[in-house]
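The values are calculated or read from the model by the stated rules, or taken from the named source; none is laboratory data. The model shown is predicted, which means the values in this text are computed figures rather than measured ones. In this analysis, Cβ positions are derived from the backbone assuming ideal geometry, glycine residues included, and neighbour counts consider all displayed protein chains. Surface areas here come from the heavy atoms of the whole protein model, side chains and all, with no ligands, DNA or RNA. Shrake-Rupley method; radii C 1.70, N 1.55, O 1.52, S 1.80 Å.
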Amino acid sequence: MVAVGVTFSARLLRLLRRVSIAYFHDLLVSLCFLYNHLIPRTIHLFSSSKGPTSDLTSIHIWTPLLHRRSKPSVVLIHGFGGDAKWQWRTQIGALSRFFNLYIPDLIFFGNSRSDSPNRSVRFQAQCIAQAMKQLGVKRYNVVGISYGGFVAYRMGSDVATEEVEKIVLLTSGVGMSEERMRELVQREGRDVRDILCPKNPEDLRLLVRRSMYRPPVWMPDFYLRDFIKAKYMDHRKERIELLEDLLKHGAGVSPLPVLSQETLLLWGDHDQVFPVDFGHDLHRHLGKISSLEIIKDAGHALQLEQPQQVNRHIRHFLLPPHHIK
(Lines give C-alpha, C1' and ligand atoms only; values in the text may rest on other atoms or scores of the structure.)
Protein backbone atom coordinates (compact mmCIF):
# COMPACT_ATOMS: atom_id res chain seq x y z
CA MET A 1 0.00 0.00 0.00
CA VAL A 2 2.85 2.40 0.80
CA ALA A 3 4.47 1.68 -2.57
CA VAL A 4 1.16 2.34 -4.33
CA GLY A 5 0.82 5.66 -2.48
CA VAL A 6 4.34 6.73 -3.42
CA THR A 7 3.74 5.80 -7.06
CA PHE A 8 0.47 7.75 -7.13
CA SER A 9 2.13 10.80 -5.58
CA ALA A 10 4.97 10.68 -8.12
CA ARG A 11 2.49 10.45 -11.00
CA LEU A 12 0.47 13.32 -9.57
CA LEU A 13 3.56 15.52 -9.33
CA ARG A 14 4.52 14.69 -12.92
CA LEU A 15 1.00 15.59 -14.05
CA LEU A 16 1.03 18.87 -12.12
CA ARG A 17 4.32 19.82 -13.77
CA ARG A 18 2.71 19.42 -17.19
CA VAL A 19 -0.37 21.47 -16.33
CA SER A 20 -0.16 25.25 -15.96
CA ILE A 21 -1.46 25.39 -12.41
CA ALA A 22 -0.95 29.14 -12.19
CA TYR A 23 -3.18 29.75 -15.19
CA PHE A 24 -5.76 27.31 -13.83
CA HIS A 25 -5.68 29.04 -10.44
CA ASP A 26 -5.99 32.38 -12.21
CA LEU A 27 -9.09 31.10 -13.99
CA LEU A 28 -10.64 30.09 -10.65
CA VAL A 29 -10.00 33.55 -9.25
CA SER A 30 -11.63 35.10 -12.33
CA LEU A 31 -14.66 32.86 -11.84
CA CYS A 32 -14.84 34.02 -8.23
CA PHE A 33 -14.93 37.63 -9.40
CA LEU A 34 -17.68 36.80 -11.90
CA TYR A 35 -19.62 34.96 -9.20
CA ASN A 36 -19.61 38.17 -7.16
CA HIS A 37 -21.09 40.10 -10.11
CA LEU A 38 -17.86 41.74 -11.23
CA ILE A 39 -17.02 41.88 -14.93
CA PRO A 40 -13.71 42.72 -16.67
CA ARG A 41 -13.54 45.81 -18.87
CA THR A 42 -10.85 47.61 -20.81
CA ILE A 43 -10.98 51.40 -20.68
CA HIS A 44 -9.09 53.26 -23.40
CA LEU A 45 -7.96 56.59 -22.04
CA PHE A 46 -8.38 59.88 -23.85
CA SER A 47 -6.31 63.04 -23.74
CA SER A 48 -8.17 66.34 -23.51
CA SER A 49 -5.54 68.08 -25.62
CA LYS A 50 -4.71 65.50 -28.26
CA GLY A 51 -7.95 63.63 -28.71
CA PRO A 52 -8.24 59.83 -28.59
CA THR A 53 -5.14 57.94 -27.53
CA SER A 54 -6.66 54.48 -27.36
CA ASP A 55 -3.52 52.99 -28.89
CA LEU A 56 -1.38 54.50 -26.09
CA THR A 57 -2.93 53.69 -22.73
CA SER A 58 -5.61 51.25 -21.59
CA ILE A 59 -6.74 50.28 -18.11
CA HIS A 60 -8.06 46.80 -17.40
CA ILE A 61 -10.57 47.05 -14.57
CA TRP A 62 -13.14 44.83 -12.88
CA THR A 63 -16.40 46.72 -12.46
CA PRO A 64 -19.84 45.92 -11.01
CA LEU A 65 -22.20 44.21 -13.39
CA LEU A 66 -24.74 46.78 -12.21
CA HIS A 67 -23.74 50.01 -10.47
CA ARG A 68 -26.18 50.66 -7.63
CA ARG A 69 -26.56 54.23 -6.45
CA SER A 70 -27.54 53.02 -2.98
CA LYS A 71 -24.04 51.61 -2.47
CA PRO A 72 -20.82 53.62 -1.98
CA SER A 73 -18.18 53.10 -4.66
CA VAL A 74 -14.72 51.81 -3.74
CA VAL A 75 -11.58 51.56 -5.86
CA LEU A 76 -9.16 48.82 -4.73
CA ILE A 77 -5.57 49.52 -5.85
CA HIS A 78 -3.10 46.65 -5.68
CA GLY A 79 0.59 46.71 -4.80
CA PHE A 80 3.77 45.76 -6.63
CA GLY A 81 3.73 42.04 -5.85
CA GLY A 82 0.88 41.06 -8.15
CA ASP A 83 -2.14 42.14 -10.16
CA ALA A 84 -5.61 43.16 -9.02
CA LYS A 85 -7.15 39.69 -8.97
CA TRP A 86 -4.43 38.04 -6.91
CA GLN A 87 -4.08 40.76 -4.32
CA TRP A 88 -7.79 41.44 -3.68
CA ARG A 89 -9.27 37.97 -4.10
CA THR A 90 -10.04 37.65 -0.36
CA GLN A 91 -11.90 40.97 -0.28
CA ILE A 92 -14.40 40.77 -3.11
CA GLY A 93 -16.86 38.36 -1.50
CA ALA A 94 -17.10 40.30 1.74
CA LEU A 95 -17.05 43.81 0.24
CA SER A 96 -19.12 43.43 -2.94
CA ARG A 97 -22.27 43.05 -0.79
CA PHE A 98 -21.86 46.60 0.52
CA PHE A 99 -19.97 48.50 -2.18
CA ASN A 100 -19.72 49.06 -5.90
CA LEU A 101 -16.21 47.66 -6.35
CA TYR A 102 -13.83 48.93 -9.03
CA ILE A 103 -10.61 46.93 -9.16
CA PRO A 104 -8.06 48.11 -11.75
CA ASP A 105 -4.75 46.66 -12.83
CA LEU A 106 -2.09 49.33 -12.56
CA ILE A 107 -0.19 50.17 -15.75
CA PHE A 108 2.11 47.26 -16.76
CA PHE A 109 0.35 44.87 -14.37
CA GLY A 110 -2.30 42.39 -15.40
CA ASN A 111 -3.78 43.58 -18.68
CA SER A 112 -3.20 47.34 -18.35
CA ARG A 113 -0.84 48.82 -20.94
CA SER A 114 0.68 52.13 -22.01
CA ASP A 115 3.12 53.43 -24.60
CA SER A 116 3.87 56.43 -22.40
CA PRO A 117 7.43 56.69 -21.02
CA ASN A 118 6.04 58.10 -17.77
CA ARG A 119 6.74 55.77 -14.82
CA SER A 120 5.70 58.01 -11.94
CA VAL A 121 3.22 57.31 -9.16
CA ARG A 122 1.29 60.37 -10.32
CA PHE A 123 0.87 58.89 -13.80
CA GLN A 124 -0.65 55.73 -12.29
CA ALA A 125 -3.01 57.90 -10.24
CA GLN A 126 -3.99 59.95 -13.28
CA CYS A 127 -4.78 56.81 -15.29
CA ILE A 128 -7.08 55.38 -12.63
CA ALA A 129 -8.79 58.72 -12.04
CA GLN A 130 -9.37 59.13 -15.78
CA ALA A 131 -10.72 55.60 -16.09
CA MET A 132 -13.20 56.25 -13.26
CA LYS A 133 -14.29 59.48 -14.94
CA GLN A 134 -14.90 57.67 -18.23
CA LEU A 135 -16.92 55.06 -16.34
CA GLY A 136 -19.11 57.90 -15.08
CA VAL A 137 -18.32 57.42 -11.37
CA LYS A 138 -18.17 60.90 -9.88
CA ARG A 139 -17.51 60.12 -6.21
CA TYR A 140 -15.67 57.15 -4.73
CA ASN A 141 -13.41 55.93 -1.94
CA VAL A 142 -9.94 54.53 -2.58
CA VAL A 143 -8.19 51.63 -0.85
CA GLY A 144 -4.53 51.08 -1.68
CA ILE A 145 -1.98 48.60 -0.41
CA SER A 146 1.79 49.23 -0.44
CA TYR A 147 2.65 50.68 -3.89
CA GLY A 148 -1.08 51.05 -4.44
CA GLY A 149 -1.15 53.19 -1.30
CA PHE A 150 1.26 55.63 -2.93
CA VAL A 151 -1.12 55.83 -5.91
CA ALA A 152 -4.17 56.25 -3.66
CA TYR A 153 -2.41 59.05 -1.77
CA ARG A 154 -1.70 60.98 -4.98
CA MET A 155 -5.31 60.53 -6.07
CA GLY A 156 -6.54 62.03 -2.82
CA SER A 157 -3.93 64.77 -2.55
CA ASP A 158 -3.97 66.33 -6.01
CA VAL A 159 -5.09 64.12 -8.92
CA ALA A 160 -8.72 63.45 -7.90
CA THR A 161 -9.21 65.53 -4.76
CA GLU A 162 -12.86 66.34 -5.48
CA GLU A 163 -13.77 62.78 -6.46
CA VAL A 164 -12.15 60.88 -3.57
CA GLU A 165 -14.28 60.79 -0.42
CA LYS A 166 -12.30 58.63 2.03
CA ILE A 167 -8.98 56.82 1.83
CA VAL A 168 -7.74 53.53 3.29
CA LEU A 169 -3.99 52.89 3.14
CA LEU A 170 -2.71 49.40 3.88
CA THR A 171 0.93 49.15 4.97
CA SER A 172 2.15 51.85 2.61
CA GLY A 173 5.49 53.61 3.16
CA VAL A 174 4.33 56.81 1.50
CA GLY A 175 6.09 59.84 2.92
CA MET A 176 9.24 58.08 4.07
CA SER A 177 12.47 59.98 3.58
CA GLU A 178 15.09 59.13 0.97
CA GLU A 179 17.35 58.04 3.83
CA ARG A 180 14.76 55.56 5.13
CA MET A 181 14.24 54.28 1.62
CA ARG A 182 17.98 53.67 1.20
CA GLU A 183 18.07 51.88 4.55
CA LEU A 184 15.28 49.53 3.48
CA VAL A 185 16.99 48.76 0.18
CA GLN A 186 20.39 48.17 1.79
CA ARG A 187 18.86 45.97 4.49
CA GLU A 188 17.86 43.40 1.89
CA GLY A 189 21.51 42.76 1.05
CA ARG A 190 20.59 42.17 -2.58
CA ASP A 191 18.98 43.87 -5.53
CA VAL A 192 15.34 44.55 -4.63
CA ARG A 193 14.46 44.47 -8.33
CA ASP A 194 15.11 40.73 -8.32
CA ILE A 195 12.78 40.29 -5.36
CA LEU A 196 9.88 42.44 -6.57
CA CYS A 197 10.30 41.32 -10.20
CA PRO A 198 11.38 37.70 -9.62
CA LYS A 199 12.91 35.60 -12.37
CA ASN A 200 13.44 32.33 -10.49
CA PRO A 201 11.74 30.33 -7.73
CA GLU A 202 14.12 31.45 -4.99
CA ASP A 203 13.42 35.13 -5.71
CA LEU A 204 9.66 34.56 -5.58
CA ARG A 205 10.01 32.42 -2.45
CA LEU A 206 11.88 35.28 -0.78
CA LEU A 207 9.19 37.76 -1.86
CA VAL A 208 6.48 35.61 -0.29
CA ARG A 209 8.47 35.18 2.94
CA ARG A 210 9.10 38.92 3.16
CA SER A 211 5.42 39.65 2.57
CA MET A 212 3.79 37.17 4.95
CA TYR A 213 4.07 36.53 8.66
CA ARG A 214 3.17 32.88 8.12
CA PRO A 215 4.13 32.03 4.52
CA PRO A 216 3.02 28.73 2.95
CA VAL A 217 5.18 25.81 4.04
CA TRP A 218 5.11 24.08 0.66
CA MET A 219 6.18 26.18 -2.32
CA PRO A 220 7.50 23.76 -4.97
CA ASP A 221 9.81 25.10 -7.66
CA PHE A 222 7.67 23.89 -10.56
CA TYR A 223 4.67 25.89 -9.31
CA LEU A 224 6.74 29.00 -8.63
CA ARG A 225 8.29 28.83 -12.11
CA ASP A 226 4.83 28.51 -13.60
CA PHE A 227 3.57 31.46 -11.55
CA ILE A 228 6.55 33.61 -12.62
CA LYS A 229 5.86 32.80 -16.25
CA ALA A 230 2.20 33.71 -15.84
CA LYS A 231 2.56 36.86 -13.74
CA TYR A 232 6.05 38.36 -13.85
CA MET A 233 7.61 37.95 -17.28
CA ASP A 234 5.38 40.30 -19.29
CA HIS A 235 6.57 43.91 -19.16
CA ARG A 236 9.32 43.12 -16.67
CA LYS A 237 11.47 45.94 -18.05
CA GLU A 238 8.69 48.49 -17.54
CA ARG A 239 7.98 47.24 -14.02
CA ILE A 240 11.63 47.63 -13.10
CA GLU A 241 11.44 51.20 -14.40
CA LEU A 242 8.37 51.79 -12.22
CA LEU A 243 10.27 50.43 -9.22
CA GLU A 244 13.31 52.59 -9.94
CA ASP A 245 11.12 55.69 -10.13
CA LEU A 246 9.46 54.74 -6.84
CA LEU A 247 12.81 54.19 -5.10
CA LYS A 248 14.11 57.50 -6.41
CA HIS A 249 11.06 59.76 -6.13
CA GLY A 250 8.63 58.00 -3.78
CA ALA A 251 5.18 59.55 -4.10
CA GLY A 252 6.72 62.21 -6.33
CA VAL A 253 5.85 65.21 -4.18
CA SER A 254 7.90 66.85 -1.43
CA PRO A 255 7.04 67.81 1.21
CA LEU A 256 4.25 65.27 1.41
CA PRO A 257 0.91 67.11 1.60
CA VAL A 258 -1.56 66.40 4.37
CA LEU A 259 -4.70 64.80 2.98
CA SER A 260 -8.04 66.55 3.34
CA GLN A 261 -9.99 63.28 3.37
CA GLU A 262 -10.57 61.08 6.40
CA THR A 263 -7.96 58.33 6.21
CA LEU A 264 -7.69 54.89 7.79
CA LEU A 265 -4.25 53.30 8.10
CA LEU A 266 -4.05 49.51 8.41
CA TRP A 267 -0.77 47.80 9.31
CA GLY A 268 0.38 44.25 9.98
CA ASP A 269 2.19 43.95 13.31
CA HIS A 270 4.89 41.76 11.70
CA ASP A 271 5.42 43.78 8.51
CA GLN A 272 8.97 43.18 7.25
CA VAL A 273 8.69 45.56 4.27
CA PHE A 274 7.38 48.74 5.89
CA PRO A 275 7.64 48.18 9.66
CA VAL A 276 4.88 49.41 11.98
CA ASP A 277 6.77 52.59 12.90
CA PHE A 278 6.12 53.78 9.34
CA GLY A 279 2.42 53.65 10.15
CA HIS A 280 2.87 55.67 13.31
CA ASP A 281 4.94 58.27 11.40
CA LEU A 282 2.25 58.62 8.73
CA HIS A 283 -0.47 58.81 11.39
CA ARG A 284 1.35 61.70 13.08
CA HIS A 285 1.81 63.42 9.72
CA LEU A 286 -1.89 63.22 8.86
CA GLY A 287 -3.06 64.19 12.32
CA LYS A 288 -6.59 63.98 13.68
CA ILE A 289 -8.10 63.29 10.28
CA SER A 290 -6.53 59.82 10.34
CA SER A 291 -6.72 56.67 12.46
CA LEU A 292 -4.31 53.74 12.71
CA GLU A 293 -5.27 50.11 13.27
CA ILE A 294 -2.64 47.42 13.86
CA ILE A 295 -3.64 43.95 12.61
CA LYS A 296 -2.21 41.16 14.76
CA ASP A 297 -0.44 38.11 13.31
CA ALA A 298 -0.06 39.68 9.87
CA GLY A 299 2.80 40.80 7.69
CA HIS A 300 2.91 43.07 4.66
CA ALA A 301 0.22 41.07 2.85
CA LEU A 302 -2.24 41.62 5.69
CA GLN A 303 -5.27 41.54 3.35
CA LEU A 304 -4.43 37.90 2.54
CA GLU A 305 -3.35 36.78 6.00
CA GLN A 306 -6.12 38.44 8.02
CA PRO A 307 -8.85 39.15 5.46
CA GLN A 308 -11.74 39.11 7.94
CA GLN A 309 -10.16 41.79 10.11
CA VAL A 310 -9.16 43.91 7.13
CA ASN A 311 -12.60 43.63 5.54
CA ARG A 312 -14.31 44.52 8.83
CA HIS A 313 -12.17 47.63 9.29
CA ILE A 314 -12.85 48.76 5.71
CA ARG A 315 -16.60 48.27 6.10
CA HIS A 316 -16.79 50.10 9.43
CA PHE A 317 -14.74 53.01 8.12
CA LEU A 318 -16.45 53.50 4.77
CA LEU A 319 -20.07 52.61 5.52
CA PRO A 320 -22.62 54.79 7.32
CA PRO A 321 -23.34 53.29 10.79
CA HIS A 322 -26.85 52.16 9.89
CA HIS A 323 -25.52 50.14 6.93
CA ILE A 324 -23.10 48.04 8.98
CA LYS A 325 -24.28 44.52 9.71
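Report the extension gain between Lys71 and Arg139 in nm, rounded to one decimal, defined as 0.36 nm multiplied by the number of residues separating them, less their alpha carbon distance.
23.3 nm
Under a no-solvent Debye model with one identical scatterer per Cα of region 188-299, what's log10 I(q)/I(0) at q = 0.10, 0.13, 0.17, 0.18 Å⁻¹?
Here the Debye-derived log intensity ratios amount to -0.41, -0.67, -1.01, -1.07.
Taking 2.2 N^0.38 Å as the expected size of a compact globular protein, what ratio does the Cα radius of gyration of region 124-181 give against it, to two decimals?
Here the answer is 1.15, to two decimals.
Any aspartates and glutamates with Cα under 14 Å of the Lys248 Cα? List them, leaving off those in the same chain fewer than 8 positions away.
Qualifying aspartates and glutamates at Cα under 14 Å: Glu178, Glu179, Glu183.
Mind listing P(r) for the chain? All alpha-carbon pairs, 20 Å bins, whole percents.
Bin by bin from 0 Å, the calculated values are 31, 59, 9, 0.
Which chymotrypsin sites (Phe, Trp or Tyr not before Pro) in region 216-325 sit in a loop by DSSP (not H, G, I, E or B) and have at most 15 other Cβ atoms within 10 Å of their own Cβ?
Those satisfying the criteria are Trp218.
Which one, Leu135, Ser177, Val164, projects farthest toward the positive side of the charge dipole computed for region 105-180 from Cβ point charges (K/R +1, D/E -1)?
Leu135
What part of the accessible area of the chain, given as a whole %, is carbon or sulfur when the probe is 1.4 angstrom?
That share works out to 54 percent.
Quick one: Cα convex hull volume of region 181-237, Å³ per residue?
88
Which length gain, in nm to one decimal place, applies between Leu206 and Thr42 when the Cα-Cα distance is subtracted from 0.36 nm times their residue separation?
55.8 nm
Is there a quick way to get the dipole size of the chain? I mean about its Cα centre, with the Cβ of Lys and Arg at +1 and of Asp and Glu at -1; what is the value in debye to the nearest 20?
Dipole size: approximately 1000 debye.
Length gain on complete extension for the stretch Arg182 to Cys32, per 0.36 nm per residue less the alpha carbon to alpha carbon distance?
Extra length available between Arg182 and Cys32 comes to 50.1 nm.
So what is the relative contact order of region 181-230, in percent, for Cα pairs below 8 Å that sit 6 or more residues apart?
Relative contact order of region 181-230: 33 percent.
Given the C-alpha centroids of region 73-142 and region 243-258, what is the distance between them in whole angstrom?
19
Too long at a 21 Å Cα-Cα cut-off: which of Lys138/Lys166; Lys133/Lys288; Lys166/Lys288?
Result: Lys133/Lys288 exceed 21 Å.
Please state the shape class of region 261-325: rounded when a/c is under 1.5, otherwise prolate if a/b exceeds b/c and oblate if not, all from the C-alpha gyration tensor.
Since a/c reaches 1.5 but b/c is at least a/b, the shape of region 261-325 is classed as oblate.
Starting from the Cα of Lys248, move 7 Å in the Cα-to-Cβ direction to define the label point; list residues of region 219-238 whose amide nitrogen is under 16 Å from there.
Once the point is set 7 Å along Cα→Cβ of Lys248, 237-238 turn out to lie under 16 Å by backbone N, inside region 219-238.
Under the definition of Cα pairs under 8 Å and six or more residues apart, what whole-number percent is the relative contact order of the chain?
Once divided by the residue count of the chain, the mean separation gives 17 percent.
With a cap of 14 neighbouring Cβ atoms within 10 Å, and only residues DSSP puts in a loop, list the GluC sites (Glu not before Pro) found in region 161-251.
Glu162
Roll a 1.4 Å probe over the protein chains and send me the accessible area per residue for the chain in Å².
With the other protein chains kept in place, the chain gives 49 Å² per residue.
How are the Cα pair distances of region 50-113 distributed, in percent, across 10 Å bins from 0?
Percent of pairs per bin, in order: 21, 44, 27, 7, 0.
Taking one equal scatterer on every alpha-carbon of region 239-282, how large is log10 of I(q)/I(0) by Debye at q = 0.15, 0.26 1/Å?
Here log10 of I(q) over I(0) equals -0.56, -1.05.
Please give the net charge around Gln126, taking every other residue with its beta carbon less than 11 angstrom from that of Gln126, where Lys and Arg add +1 and Asp and Glu add -1.
Net charge in that neighbourhood comes out at +2.
What is the ratio of the Cα radius of gyration of region 87-167 to 2.2 N^0.38 Å, where N is its residue count, to two decimals?
1.07
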